[in-house]
Amino acid sequence: MKKIVERIFYFSYLAINLFLFLLLWIISPILKKRGKQNGILALPYTPKDWPGGYDRMDAWTNMFFTDGVNYHVDYAWKKVDFELFHSISITTFKRYLIFSKILVHRIRLLFSFKNYETIWIQRAFLPMFPYKDAYFEKLLARIHPHIIYDFYDADYASNYKLVMSTVAAAKKVTVATEYLRSKFISVNKETYLLRYAIDTKSFKVRANTNSDIIRIGWMGSPGNAINLMAIEEQLQTLESEFSNIQFSFLCRNFPSLNLKKLHKNSWSDAQFDYYEWLSTLDIGIVPFIKADERTKAKVSMKGLEFMAQGIPIAASPFIHSDQLENGISFLLTEQHFWYDNLKKLVLDKELRIRMGQQAEIIFDSFHTYKIVYKDFKEIVKLDI
């Protein structure tokens, strides 16, 4: 019965969408008529209070304002709907109700496209919609001559046709990694690397303790914590050999790890101060053992934060800035060499200092908002 209800909702919803799509296609000449164009309209995929939407699209607002550019960010949905949509308890009716709210909001927004010089869209025009092809993205290309799509993850891994059709329909494409650029450039030659930037205003000066303890830090989601299990034996060997090391990991829900010197941290801990914790680390690890498409294409936010804090890093292939150099600003670490590389960093304080400093220089040179903003303006061709 549940599947029948879901089918009814699905086909009813698609019928409504098809009607709206055809109507918009017919009136697209009206939408296409352009008034006075002024600045950029940015459309994040995620809500304002969620990573990815604000960090990637909204954080430029004050910079454009300072330069006298109208930079308007419009979110498709609120955090409460986003969290409900991803909850395991959501009903089919509520899911399609959220779809409807997004659809109405974004279609109403179409009528203002003609007032902007550039439309910058994260991933897709309609977040989370159950489409297999870029129907609305093709419609947008008919309406506006300068639409740019942005990707910072391997979204094509779950819906290849939709993503590649979107890339093909775009005037330009911005991506956060070189791997994504190499993936898309054969589909759209106007694909540009726009490196991921993070805000460091809340970062603290590295703690200068007299303690001989060397703190090895990791942070991530419960899903990514599985990677720790793959290198658990090597970490056990390391802690049995060195009495002065401590593992300090941050996660919402830890897997079972048999490490005697592990200090577990959680965002829900009442007294936990993330930036204070980050400033106490001596070594950062970024293990991603399975080299699938999502691993190769993604941005390591935590890796960037290690770099910004000047923490030396041991990292799996692909999960780092494209400017890092193995042996100079980080240690590239294959699955069976975590013990070897961490031992190098534990034994050599000068190496830790030197690599941390080099990583911080690279972050300051390529991943601050001030630096990436220059590339952004060049890509959208704004004469500021």
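Kindly state, as a whole number, the per residue volume in cubic angstrom of the convex hull around the alpha carbon atoms of segment 49-171.
114
Taking the C-alpha atoms only, the angle from helix 160-169 to the longest principal axis of the chain is near 60 degrees. Between the alpha-carbon centres of segment 278-313 and segment 112-172 there is a gap of 29 Å. For the peptides 316-327, 369-380, residues were scored by their other Cβ atoms within 10 Å and the scores averaged per peptide; the highest-first order is 316-327, 369-380. Taking 0.36 nm per residue of separation and subtracting the Cα-Cα distance, full extension of the segment from Leu351 to Ile4 would add 118.7 nm. Taking 37 °C and 0.692 mPa s as conditions, segment 206-283 diffuses translationally at an estimated 249 µm²/s according to Stokes-Einstein applied to its Kirkwood radius (Cα pairs). In sequence order, segment 234-247 has phi-based couplings of 5, 5, 5, 4, 5, 6, 6, 8, 10, 7, 9, 10, 9, 8 Hz under the Karplus curve 6.51 cos²θ - 1.76 cosθ + 1.60, θ = phi - 60°, and Gly or Pro positions carry x. Among the GluC sites (Glu not before Pro) in segment 136-218, those placed in a DSSP loop whose Cβ has at most 15 other Cβ atoms within 10 Å are Glu190. Counting every other Cβ atom within 10 Å of each residue's Cβ, Tyr152, Tyr196 order from fewest to most as Tyr196, Tyr152. For the peptides 279-292, 224-237, the ranking by packing is 279-292, 224-237, with the highest mean count of neighbouring Cβ atoms within 10 Å listed first. The trypsin sites (Lys or Arg not before Pro) of segment 32-123 that DSSP puts in a loop, and whose beta carbon has at most 16 other beta carbons within 10 Å, are Lys33, Arg34, Lys36, Lys48, Lys78. Helix 369-380 and the long axis of the chain differ in direction by around 30°, with both axes built from C-alpha atoms. If I fit a long axis through the Cα atoms of helix 338-347 and take the longest principal axis of the Cα atoms of the chain, what angle between them do I get, 0 to 90°, rounded to 10? Tilt relative to the chain: about 60 degrees. Each principal axis of the Cα atoms in segment 214-366 has its own extent, and those three values, largest first, are 36, 33, 32 angstrom. Working note: 222 nm ellipticity from helices only, DSSP H runs with n ≥ 4, each -39,500 (n - 2.57), summed and divided by the residues of the chain, gives -12500 deg cm²/dmol to the nearest 500.
Quick note: the coordinates plus some simple rules give every number you see, no bench work behind them. Note that the coordinates shown come from a computational prediction; the quantities given were computed from them, not determined experimentally. Here Cβ is always computed from backbone atoms with ideal geometry, including for glycine, and neighbour counts include all displayed protein chains.
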